[in-house]
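Inspection log for the structure reproduced underneath, given as structure tokens.
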Amino acid sequence: MTAKQLLPLSGIASVVLMVVAFIVVGETPDLDAPKSELLSYYSDNDSELQIGAALLAIGAFFFLLFSAAVASLVRGVREATAASANVTLAGGIIFSVGVTVFAGLAFTAGDAVDDVDIGTIQTLHALEMDMFFTVAVGTAAFLLGAGIGTLKTGALPAWLSWAAIVIGIVAITPLGFFGFLALGIWTLIASVMLAMRARSPGGEASSPGSEASSPGGAPSG
């Protein structure tokens, strides 16, 4: 398989790594949990927190690769979809930064629990629970850019493009957590479809915008 065929699969790798990370970390205490519960959780799960944080960060890296693959696909007709491609990639970058922030906070809390006071652990825990705006903005930008761009190019089925737009809107509402979960499902489906498209014999020849490269939409040449 070539690099172009493998790159879309980075979406699957990203989702799998993030899911495993959440499984490893397990259920975290509520924001208003007693100090003793917080201290016990971070002391007893320090290794799991650090492993989970590392997996989450690697997952963010693979999502960045996936967003680059989607942005490249969206930029099928450069003049018509350049803005959508830029928003897609920017959203992927912002999302990845947000995820690595969460990973960094979890890793720090697990690593420093025996060396700092409970007030510091409470602060780190609060940030882990509530510092979600970066992820929400990144999710919305990535999906809206991808959805609008693929609608214009026809690079993905229309239903999947519309799903991206709807999920992107949900991501910046109070239901944003469900938007984050839906992003994972959308990424898995899109990743498989893009990988199959890249492997098909006519995948390159029938790339988005090939029919629009000449005046009037007639095939060039």
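So the values come out like this:
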quantity: Any chance Gly76 is in a loop (DSSP other than H, G, I, E, B) and either crowded, with 23+ Cβ neighbours inside 10 Å or not charged (D, E, K, R) (or both); calculated: yes
quantity: Test result for Leu55, part of a helix (DSSP H, G or I), within 20 Å of Ile165 (Cα to Cα), among the hydrophobic types (A, V, I, L, M, F, W, C) and without any contact (Cβ under 8 Å) to a residue 60 or more places away in the chain; calculated: no
quantity: Sole residue being without any contact (Cβ under 8 Å) to a residue 12 or more places away in the chain and either over 23 Å from Met193 (Cα atoms) or within 19 Å of the chain's Cα centre (by Cα) (or both), chosen from Asp130, Asp111, Asp117, Asp46; calculated: Asp117
quantity: Residue within the stretch 176-198 that is at pLDDT below 90, among the small types (Gly, Ala, Ser) and part of a helix (DSSP H, G or I) present; calculated: yes
quantity: Residue identified as surrounded by fewer than 21 Cβ atoms within 10 Å (Cβ to Cβ), free of Cβ contacts under 8 Å to residues at least 40 places away in the same chain and either closer than 16 Å to Gly98 by Cβ or touching a His at 6+ places or on another chain (Cβ under 8 Å) (or both) among Ile172, Ile165; calculated: Ile172
quantity: Enumeration of residues in the stretch 79-107 that are of a type in the set (S, T, N, Q), within 21 Å of Val24 (Cβ to Cβ) and surrounded by 24 or more Cβ atoms within 10 Å (Cβ to Cβ); calculated: Ser96
quantity: Within the stretch 31-42, considering residues that are free of Cβ contacts under 8 Å to residues at least 24 places away in the same chain and of a type in the set (D, E, K, R), the one nearest to Met129 (Cα to Cα); calculated: Asp32
quantity: The stretch 3-29 - residue that is in a loop (DSSP other than H, G, I, E, B) and either touching a residue at least 12 places away in the same chain (Cβ under 8 Å) or among the aromatic types (Phe, Trp, Tyr) (or both) and, of those, surrounded by the most Cβ atoms within 10 Å (Cβ to Cβ); calculated: Thr28
quantity: Failed item in (1) in contact with a Phe, Trp or Tyr (Cβ under 9 Å, 6 or more places away or on another chain); (2) closer than 20 Å to Ala146 by Cβ, with Gly76 passing the rest; calculated: (1)
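The values are calculated or read from the model by the stated rules, or taken from the named source; none is laboratory data. These numbers were taken from a predicted model, which means no experiment stands behind them. Please note: Cβ atoms are built from the backbone with ideal geometry, for glycine as well, and neighbour counts cover all protein chains shown.
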